[in-house]
1. Would you list, by chain and number, the lysines whose Cα falls below 30 Å from the Cα of B:LYS20, excluding same-chain residues fewer than 8 positions away?
2. Go through the range A:207-240 and flag every residue whose accessible area shrinks by 30 Å² or more with all protein chains in place compared to the isolated chain (probe 1.4 Å).
3. What does the accessible area per residue of the protein assembly as shown come to in Å², with a 1.4 Å probe and no ligands, DNA or RNA counted?
4. Compute the separation of the alpha-carbon centres of the range A:44-93 and the range B:30-83 and state it in Å as a whole number.
5. Modelled label-to-label distance, B:GLU27 and A:LYS67, 7 Å Cα→beta-carbon offset: nm?
6. Hey, got the Cα dimensions of the range A:50-118 along the principal axes, in Å, largest first?
7. From Cα coordinates alone, what are the radius of gyration and Dmax values for the range A:1-46 in angstrom?
8. Kindly write out, for the range A:96-104 in residue order, the coupling ³J(HN,Hα) from the Karplus curve 6.51 cos²θ - 1.76 cosθ + 1.60 (θ = phi - 60°), rounded to whole Hz, with x marking Gly and Pro.
Amino acid sequence: MPLNDDDFMRYSRHLLMDDIGESGQEKLINSRILIVGLGGLGCPVSTYLAGAGVGFLALCDPDRVDKTNLQRQVLFRSEDCGEFKVSCAKDRLKALNDSVNIEIYPRAVDTEILNYHYDLIIDCTDNLPARHVLNKQCSENKIPFVSAAAVGWEGQLIGFDFNNYSSPCFNCVINGQLQDPVMNCSNSGVVGPVLGVIGSLQATIAIRMLLGYFQQHGEMQRYDGKRGQWLTMTSMRDKACMVCSHEL
Amino acid sequence: MVKVLFFGRLGDFSENIELKVNCTEIEATPKKIRSLLSEDNVNLGKQLAAAQVLVAVNKVIVGWDYPINDGDELAFLPPVTGG
């Protein structure tokens with residue numbers, strides 16, 4: 001779809017960049033992304049991707065806005081309490097960029113949602129079982145996958161370009177057979193801007209993947225906001241991985 | 001000698017240290033180093049034994065039985081799952 005006059009104005013700061021330009025912006029406009037989870041990570045992720053002009057966003061989250069969300073989930077307002085997060089998010093994102101098509105699913109992610117075509121799936125969930133479901137879907141269907149998590153002062157980020165690599169996958173790094181850790185934002189707390197940092201990086205990786213600039217398949221980044229430290233690590237294929245070992 | 005890094009909230013339980021061990025002699029692995037550390041610091045030991053703690057050797061995420069050599073850097077990372 002060629003850019004129109006409004007697009008040239010709206011996306012001018014992308015168009016000024018040689019490594020995005022018109023062709024890059026057209027790629028973004030023609031892309032379809034599923035964002036699972038509209039909490040502390042999903043809010044910045046969806047905001048930046050809608051602003052960037054990603055043409056289709058599917059938003060999936062069963063939760064309603066609660067007062068305890070407002071400290072960090074920056075798309076929502078006090079008057080949204082009790083409403084579905086995905087409905088409020090759609091309103092705010094459409095107000096930001098009406099040209100983005102937004103589909104909302106006020107329920108947990110399921111096979112029907114996953115079976116639509118996406119160029120990328122972004123994990124903004126708050127639990128490991130959901131991350132493993134998304135990883136399996138992306139690994140088996142060669143869909144690029146960006147996963148992130150945060151709790152307390154800490155954030156975690158990892159991207160998998162399953163278009164070009166079959167392994168490692170999320171399950172190679174964090175084994176789905178092991179017990180789910182008991183710490184999460186609800187019972188252990190989280191610093192709002194840490195989610196903003198990690199969510200913004202998720203959106204950045206998503207744009208890099210869509211434009212063909214992502215080369216760090218399986219690289220994990222950890223952020224410790226309390227000490228201002230980052231750690232970047234590579235991951236290895238688990239030969240016994242239940243998800244991706246059969247791909248080799 | 002192994003440089004041991006405790007990332008994130010694990011740093012609340014111990015400073016980063018240089019552990020004076022002969023890796024070849026003790027056939028060092030992350031699991032073995034965790035046991036040694038837990039003998040001296042019970043609270044740290046409990047944290048390192050929690051589900052989904054990750055370990056990285058020389059900035060590569062590895063399993064708990066991965067062989068560690070003298071001069072390696074071993075990092076322990078607490079689980080992060082919220083969002």
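The values are calculated or read from the model by the stated rules, or taken from the named source; none is laboratory data. Quick caveat: nothing in here was measured; it's all calculated off a predicted structure. When we count neighbours, we look across all protein chains shown, and the Cβ atoms used for this are built from the backbone with ideal geometry, even at glycine. For accessibility, only protein heavy atoms count, side chains too; no ligands or nucleic acids. Shrake-Rupley method; radii C 1.70, N 1.55, O 1.52, S 1.80 Å.
1. Answer for B:LYS20, where 30 Å is the Cα cut-off: A:LYS226, B:LYS3, B:LYS31, B:LYS32, B:LYS46, B:LYS59, listed by chain and number.
2. Checking the loss per residue gives A:ARG222, A:ARG227, A:LEU231, A:MET233, A:THR234, A:MET236.
3. Working: 15010 Å² over 331 residues.
Ligands and nucleic acids excluded, the figure is 45 Å² per residue.
4. Computed from Cα coordinates, the inter-centre distance equals 37 Å.
5. The two pseudo-label positions are separated by 5.9 nm.
6. For the range A:50-118, the Cα extents along the three principal axes come out at 34, 27, 16 Å.
7. Rg, Dmax (Cα atoms, Å): 13.0, 34.
8. Per residue, the Karplus-derived 3J(HN,Hα) values read 6, 8, 5, 7, 7, 7, 10, 10, 10 Hz.
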